[in-house]
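Enquirer: Structure incoming, see below.
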Amino acid sequence: MWSGQISDHGFLADGRSAALVDRSGSVNWWCPGRYDAPSVFARLLDDDAGHWSIRPVADFTVERRYLDDSLVLRTVFRTDQGEVALTDALALEPGARGHDLGLHSPQVLVRSVRGLTGEVPMRMHYRPCFEYGRTAAYLVERNGALEAVAGASRLTLRGSVRLSCGAGDATATFTARVGTIHNFSLGYAPTYDSPPPDVPNADQTIADTVEGWRSWVREHDYQGPYAAQVRRSALVVQGMTYRPGGAVVASATTSLPEKIGGDRNYDYRYVWVRDFSLTLRALWRSACFDEVQRQFAWLSRAMGRVDDQPVPIMYGVQGERDLTEHRLEQLGGYRDSTPVMIGNDAWRQRQNDIFGEALDAAWLMRDRLEPFDPEIRHLLRLLANEAMRDWRLPDAGMWEERGIEHHHVSSKVQCWVALDRAVRFGDRLGSPQEVARWAATRDEVRAAVLARGWNEQLGAYTGVFDSDELDASVLVMPLVGFLPADDPRMRSTVRAVQRQLSHDGLLRRWDGDPAGFVICSFWLVGCLALAGERDRAHQLFGALAARVNDLGLFAEQIDPLTGEQLGNFPQAFSHIGLINAAGILTDMEHDSALRGSPPPHFTPVRS
């Protein structure tokens, strides 16, 4: 029975899909083809839903790391008999470099076992289960390989050791001696209308994949504090990019719980407009400029001409809109946390914050976007007009409340952002009459937020108009320029949020939220830095950055009492939060240097 934790996993990616490998060498998640495709390994959500493990027979300890500047994972097992290194990679297309990574990945998972010292008996167990554990495959030996075929999927496994086939699984035992190498390659292809998967040489594939990732890193030269953490987070965000289209999924997984045994278990393998805009800011911070036009082109194609219809807030990786939820009754869930879901009914919601997030990203990237392509100009004008029309309406908010809508302060603020950026674009985006209407509505929105968002008794802006409940979402106000961070009311809000929602540096979204929400904690870093509290901001950043797992990866939330990572994993939102907070700290250091005053002392925390 598998009993690991979410944070036990390493993250592999190839620009189309992702795989998760735990500390004991078990691949517990892989949905080949695309991030939201049916799984072939889903042990993460049920012990019987498929896995592929390679591990020593005897007890062992583990040390692991990514090969420098890559998403290729090296795990070293130490036993009384000796040491063994296991290297895992999702293959990139041979020779692919820089921004060509992931465009034509072969959909192959390669694993290489190398003896380092002594003689270590090893065991491999391969048990594919297709369609989220619904279907066990027939395993057939053919042409020196082991084929697993069921329904629409076909896997081909080649290895350098003899495999023993059982009923739906295969095992092998072998000994790893000093200098010996045992390689395994697993290729995926659709059963029909596709040739059998090409299964390349593992050693060559690993070396080429490492160099591919390193070539991407060399093109993105972030200069500032916490460079190692920013570089790792940028690689994770790139690893969650569906390269054929350019969209970034929110996470690699579905249904990992916000609370153990809880039912808030959602599918995050989709693309949110909110995440899209924050992703662009993170890419800009980490010097990934070449992705900008591609990202906006994807968004305009995904949205199409919506005109007077509500703007969709999320999509599938190829722009699909209907993401209706389905419950997977056959899966018991991570540590019995049910339901297990595919699809996400948030696609039906109204979330008015997306207008500002998209237009803010466009304003930030304007030098890369102008002159506007006609479809991008139409999209931005549409979003500005939607914000002008709908800002008075209640919505589900950025936390995606189900079954009820409120007048969320953060949504109103983002409508203000949409109109403010549209006014700044001026006649490059709209007619003089349109710009005048945008400006008038912008001022109206601002007045409403200042009047109805503030609670005098709490001394804070609240999550909802005319409310007495705090919400961490209001921390975006200084980050988007709605109010200065050193405004007395904003300072008071930050203190109130910290006092009521923070525990050991982790910030919950609201009172009663089961765990700290990582990106909110990084928003707090940004607010402190912008308010001139740089020492506190660096201290908090260091404490948060130290909460990654041993590979530098964040889930969505962290239990402040136990330190356990919770929610879908890895989470783009969390890594985007780290990058953007580091960027604000970089700005503050740069401004300090220009004024001739020394930056505060801090010690970067190594991931």
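Enquirer: Please specify each residue of region 3-29 satisfying the condition of being in a strand (DSSP E or B), of a type in the set (G, A, S), within 16 Å of A42 (Cβ to Cβ) and touching a Ser or Thr at 6+ places or on another chain (Cβ under 9 Å).
Expert: A18, S26
Enquirer: If you check V273, V340, which single one turns out to be more than 25 Å from D420 (Cα to Cα), within 21 Å of the chain's Cα centre (by Cα) and open to solvent by less than 10 Å² (accessible area, probe 1.4 Å)?
Expert: None of the other options fit; the residue is V340.
Enquirer: Still on this structure, I have one more. Which numbered condition trips up S473, out of (1) surrounded by fewer than 24 Cβ atoms within 10 Å (Cβ to Cβ); (2) closer than 19 Å to G356 by Cβ?
Expert: (1)
Enquirer: Here's another thing I want to ask about it. Which residues, taken from region 277-303, are over 15 Å from P244 (Cα atoms), open to solvent by 10 Å² or more (accessible area, probe 1.4 Å) and modelled with pLDDT of 75 or more?
Expert: Within region 277-303, L278, R281, S300 meet the criteria.
Enquirer: I need every pair where a residue in region 323-350 that is touching a residue at least 40 places away in the same chain (Cβ under 8 Å) has its Cβ under 8 Å from the Cβ of a residue that is surrounded by 15 or more Cβ atoms within 10 Å (Cβ to Cβ) and basic (K, R), sequence separation at least 6 or different chains.
Expert: Q330/R134; S337/K259
Enquirer: Moving on to the next point. Given the condition over 24 Å from the mean Cα position of the chain (by Cα), part of a helix (DSSP H, G or I), closer than 23 Å to L12 by Cα and not small (G, A, S), answer yes or no: does some residue in region 148-160 qualify?
Expert: Looking for residues that are over 24 Å from the mean Cα position of the chain (by Cα), part of a helix (DSSP H, G or I), closer than 23 Å to L12 by Cα and not small (G, A, S), one finds none in region 148-160, hence no.
Enquirer: Then there's this: Restricting the search to region 486-499, which residues are open to solvent by less than 10 Å² (accessible area, probe 1.4 Å) and out of contact with any helix residue (DSSP H, G or I) (no Cβ under 9 Å at 6 or more places or on another chain)?
Expert: Of everything in region 486-499, just one residue is open to solvent by less than 10 Å² (accessible area, probe 1.4 Å) and out of contact with any helix residue (DSSP H, G or I) (no Cβ under 9 Å at 6 or more places or on another chain), namely A496.
Enquirer: A further question follows. What about R377, is it open to solvent by 70 Å² or more (accessible area, probe 1.4 Å), out of contact with any Leu (no Cβ under 8 Å at 6 or more places or on another chain) and in contact (Cβ under 8 Å) with a residue 12 or more places away in the chain?
Expert: Answer is no for this residue.
Enquirer: Now a separate question. Given the structure, is Y268 at pLDDT 95 or above, surrounded by 19 or more Cβ atoms within 10 Å (Cβ to Cβ), touching a Gly at 6+ places or on another chain (Cβ under 9 Å) and within 30 Å of N352 (Cα to Cα)?
Expert: yes
Enquirer: Checking the structure you have, find out if any residue of region 110-122 is crowded, with 21+ Cβ neighbours inside 10 Å, under 30 Å from the mean Cα position of the chain (by Cα), over 18 Å from A85 (Cβ atoms) and not hydrophobic (A, V, I, L, M, F, W, C).
Expert: For region 110-122, residues crowded, with 21+ Cβ neighbours inside 10 Å, under 30 Å from the mean Cα position of the chain (by Cα), over 18 Å from A85 (Cβ atoms) and not hydrophobic (A, V, I, L, M, F, W, C): absent.
Enquirer: Output the residues belonging to region 424-442 that are charged (D, E, K, R) and open to solvent by 100 Å² or more (accessible area, probe 1.4 Å).
Expert: R424, D427, R437
This table checks each residue for (1) touching a strand residue (DSSP E or B) at 6+ places or on another chain (Cβ under 8 Å); (2) in contact (Cβ under 8 Å) with a residue 60 or more places away in the chain; (3) open to solvent by less than 10 Å² (accessible area, probe 1.4 Å).
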site: T135; (1), (2), (3): yes, no, no
site: E147; (1), (2), (3): yes, no, no
site: A172; (1), (2), (3): yes, no, yes
site: S185; (1), (2), (3): yes, yes, yes
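Enquirer: Please determine, by comparing only the residues of region 61-92 that are touching a residue at least 60 places away in the same chain (Cβ under 8 Å) and in a loop (DSSP other than H, G, I, E, B), which one is most open to solvent (accessible area, probe 1.4 Å).
Expert: So, considering only residues that are touching a residue at least 60 places away in the same chain (Cβ under 8 Å) and in a loop (DSSP other than H, G, I, E, B), the one most open to solvent (accessible area, probe 1.4 Å) is D68.
Enquirer: Going through region 547-569 one residue at a time, which ones are surrounded by fewer than 24 Cβ atoms within 10 Å (Cβ to Cβ) and among the β-branched types (V, I, T)?
Expert: T562
Enquirer: Here's another thing I want to ask about it. Regarding L483, is this residue outside any helix (DSSP H, G or I) and open to solvent by less than 20 Å² (accessible area, probe 1.4 Å)?
Expert: When the stated conditions are applied, L483 passes them.
Enquirer: Follow-up question, since we're still on this one. Of Q318, Q414, Q351, which residue is at pLDDT 95 or above and within 28 Å of W284 (Cβ to Cβ)?
Expert: Being at pLDDT 95 or above and within 28 Å of W284 (Cβ to Cβ) holds for just one of Q318, Q414, Q351, which is Q414.
Enquirer: Please verify whether W454 is under 33 Å from the mean Cα position of the chain (by Cα), open to solvent by 40 Å² or more (accessible area, probe 1.4 Å) and of a type in the set (F, W, Y), treating the condition exactly as stated.
Expert: In short, yes.
Enquirer: Quick one: is A189 of a type outside the set (S, T, Y), at pLDDT below 95 and part of a strand (DSSP E or B)?
Expert: So A189 passes the test.
Enquirer: Something else about it: So if I check each of V27, V57, which one is open to solvent by 40 Å² or more (accessible area, probe 1.4 Å) and touching a residue at least 60 places away in the same chain (Cβ under 8 Å)?
Expert: V57
Enquirer: Right, here's the next one. Is it the case that G261 is among the small types (G, A, S), under 22 Å from L45 (Cβ atoms) and either part of a loop (DSSP other than H, G, I, E, B) or without any contact (Cβ under 8 Å) to a residue 24 or more places away in the chain (or both)?
Expert: Taking the combined requirement at face value, the residue satisfies it.
Enquirer: Which residue, of S521, S502, is without any contact (Cβ under 8 Å) to a residue 24 or more places away in the chain and surrounded by 18 or more Cβ atoms within 10 Å (Cβ to Cβ)?
Expert: Within the list S521, S502, the selection yields S502.
Table: residues versus (1) β-branched (V, I, T); (2) at pLDDT 95 or above; (3) within 21 Å of H538 (Cα to Cα); (4) under 31 Å from the mean Cα position of the chain (by Cα).
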| site | (1), (2), (3), (4) |
| --- | --- |
| V445 | yes, yes, no, no |
| A448 | no, yes, no, no |
| V464 | yes, yes, no, yes |
| E469 | no, yes, no, yes |
| A472 | no, yes, yes, yes |
| S492 | no, yes, yes, no |
| A496 | no, yes, yes, yes |
| H503 | no, no, yes, yes |
| G512 | no, no, no, yes |
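Enquirer: Follow-up question, since we're still on this one. Just wondering, is there one or more residues in region 422-440 that are in contact with a strand residue (DSSP E or B) (Cβ under 9 Å, 6 or more places away or on another chain) and in a helix (DSSP H, G or I)?
Expert: No, because not a single residue in region 422-440 is in contact with a strand residue (DSSP E or B) (Cβ under 9 Å, 6 or more places away or on another chain) and in a helix (DSSP H, G or I).
The values are calculated or read from the model by the stated rules, or taken from the named source; none is laboratory data. Fair warning: this is a prediction, and the values are worked out from it, not measured in the lab. All Cβ positions, even for glycine, are placed from backbone atoms using ideal geometry, and neighbour counts span all protein chains on display. To get the accessible areas, we keep the full protein, side chains included, count just its heavy atoms, and leave off ligands, DNA and RNA. Shrake-Rupley method; radii C 1.70, N 1.55, O 1.52, S 1.80 Å.
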